[in-house]
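A.B. asks: Below is one structure. I have some questions about it.
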Amino acid sequence: MSKIHNIAFDLGGVVLALSYEQAVRRFEEIGLANARQHLDAFEQKGIFGDLESGRITPEDFRRELSKLIGREVTMDDCYQAWHGYVDHVPKRNLEAILRLREQGYKVCLLSNTNPFMMQWAEKDFDGDGHPISYFFDALYLSYECKVMKPRREIFEMMLKGQQALPEETLFIDDGPRNVEVANALGMQTLCPQNNEDWIAPLMNLLSR
């Protein structure tokens, strides 16, 4: 097994604890009666996927969501509904990520996400005034990369941007399909459950 130099983290379910049910409730509260049919925990579809793959702007999304609901919703409605995906951000995860960087690992984020989520994450991600970019060397965000996991192109963009070899890269994601693609590209992987403590398994893997 090759020595790991580059570590790529998923956001929802790994760095932060995800709440799919809370997100469904938030979208239902603004009038999306069939929210469960539109939302996914790993890869969004329809206008939700269009937003996260950068095919439409936040304003386009607001307008299209208004059509689905049958009334005008505001940008703040969209922001609050998307933010329902956030349960909490465990301090232990952020501390572990900073320790990895101190130890010389290149650490990046590789996430299917959107501008509404990043509007929050770049303000006060940890509750102490630090944006999410404070914790990572680089952010590879689906709406900026114009492609979502599990498409292999976004993994290849990350490897190129990090100047990293697949076999020297560890990818941590709670989505089995995403992990399968990373494995197929030659990366080492961990696939914890949503909000599972991945620190001990990670340290065990790095010590091999």
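A.B. asks: For the chain, evaluate the Debye formula with one uniform point scatterer on each Cα (no solvent term) and list log10 I(q)/I(0) at q = 0.09, 0.11, 0.17 Å⁻¹, rounded to two decimals.
C.D. replies: -0.34, -0.50, -1.16
A.B. asks: Cross-chain or 8 or more residues apart, Cα under 22 Å: how many lysine pairs in the chain fit that? Count them up, please.
C.D. replies: 11
A.B. asks: Stokes-Einstein D for region 94-203 at 20 °C, 1.002 mPa s, Kirkwood Rh over Cα pairs, in µm²/s? Write out the running numbers ahead of the final one.
C.D. replies: Values: Rh = 14.6 Å.
After rounding, the answer is 146 µm²/s.
A.B. asks: A further question on this structure: Mind giving me the nanometre distance, one decimal, between the label points for Trp120 and Asp197, set 7 Å out from Cα along Cα→Cβ?
C.D. replies: Simple spin-label model gives 2.5 nm for this pair.
A.B. asks: Continuing with the same structure: Starting from the Kirkwood Rh over alpha-carbon pairs, what translational D in µm² s⁻¹ does region 41-120 have by Stokes-Einstein at 25 °C and 0.890 mPa s?
C.D. replies: 168 µm²/s
A.B. asks: Could you run the Karplus curve 6.51 cos²θ - 1.76 cosθ + 1.60 with θ = phi - 60° over region 165-181 and give me ³J(HN,Hα) per residue in whole Hz, x for Gly and Pro?
C.D. replies: So the Karplus estimates, Gly and Pro as x, are 7, x, 5, 9, 10, 10, 10, 10, 8, 8, x, x, 5, 5, 5, 4, 5 Hz.
A.B. asks: Return an integer: the convex hull volume of the alpha-carbon atoms of region 20-85, in Å³ per residue.
C.D. replies: So the per-residue hull volume is 71 Å³.
A.B. asks: Mind giving me the FRET efficiency for Asn183 and Asp76? R0 is 41 Å, r the Cβ-Cβ distance, nearest 0.05 is fine. Display every interim value, and only then the final one.
C.D. replies: On the way: r = 40 Å, r/R0 = 0.98.
Working from the Cβ atoms, E equals 0.55.
A.B. asks: Another question, if that's okay. Show the residues, 5+ positions off or on another chain, whose built amide H is closer than 5 Å to the amide H of Phe171.
C.D. replies: Excluding prolines and chain starts, which carry no amide H, the hits are Ala8, Gln188, Thr189, Leu190.
A.B. asks: Can I ask one more? Counting Lys and Arg as +1 and Asp and Glu as -1, each charge on the Cβ, what is the dipole of the chain about the Cα centre in debye, to the nearest 20?
C.D. replies: Details: 23 positive and 32 negative charges, 79 e Å.
With Lys and Arg at +1 and Asp and Glu at -1, about 380 debye.
Every number here is computed from the coordinates shown, using simple stated rules; none is lab data. Not measured: the values here are computed from a predicted model. Ideal geometry is used to build each Cβ from the backbone, glycine not excepted, and the neighbour counts take in all protein chains shown.
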